[in-house]
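Pasting a structure here, questions to come.
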Amino acid sequence: MNISILDFEVLMKCILTTENCQNTTSEDIQLLKTKLLSAYKVNPQELAPDVVTMNSFVKLNQVNTGIIYTVKLVYPEFEDIKEWKVSIFSALGRAIFSRKIGDQVIYKSRKRELRVKIMDVIFQPEANGNYYMKNQ
C-alpha cells in the first residue's frame, strides 16, 4: 500500500491531536494508525492516479444493494455526511483510503459488515498537480 508523505504527516498529526484531546484511543483510530505506519510512503508525484488519497472524489458501488454513489474523502474536521464528505476517521473512509479502482473493501457500520467496490477515482489531487491541497 502506497500513501503520500504529505497525507502520512498530516494524518499522523490528526491522530496524535485526537489521542491527546480525548486521553484515549478508539479502535478505529488505532486501526488507521496501524495502516499508516505499515504503508510505503512516496512523494505525491509518484502515486498512481487510480489510488484513493485525501480529498479524492471516489465513485463507489454498494455491492449488496447495487447503489452507486460518490464521496469525497476528507480530514475529520471537514466531514459532512449531507454533502457526501466522508472522514478518514470513519470506517468507510479508513477502508477506501489508499485503495485503488477495482478494489472491494469491507467495513463495519452500525455493527454490520458492508462491502463496497471502488468504481472510479473521479478526482485525485496528486494526479492534478495539487500536492499541497489539505482542506475541504
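Got a sec? Which of Lys100, Lys72, Lys82, Lys35 is of a type in the set (Lys, Arg) and closer than 16 Å to Met12 by Cβ?
Criteria check complete, one pass: Lys35.
Looking at the structure I just gave you, is Leu92 farther than 29 Å from Thr17 by Cα, buried (at least 19 other Cβ atoms within 10 Å of the Cβ) and of a type in the set (A, V, I, L, M)?
On the way: farther than 29 Å from Thr17 by Cα: no; buried (at least 19 other Cβ atoms within 10 Å of the Cβ): yes; of a type in the set (A, V, I, L, M): yes.
Judged against the criteria, Leu92 is not a match.
Please work out which one of (1) under 20 Å from Lys35 (Cα atoms); (2) surrounded by 14 or more Cβ atoms within 10 Å (Cβ to Cβ) is the condition Lys108 fails and give its number.
Looking at each condition in turn, Lys108 falls short on (2).
When the residues of the stretch 37-91 are narrowed to those that are touching a strand residue (DSSP E or B) at 6+ places or on another chain (Cβ under 6 Å) and among the acidic types (Asp, Glu), which ends up farthest from Gly129 (Cα to Cα)?
Once the filter is applied, the top-ranked residue is Glu79.
Coordinate-derived values only; no laboratory data. Model, not experiment: these values are computed from the prediction. Counting neighbours? That spans all protein chains shown, and the Cβs are built from the backbone with ideal geometry, glycine included.
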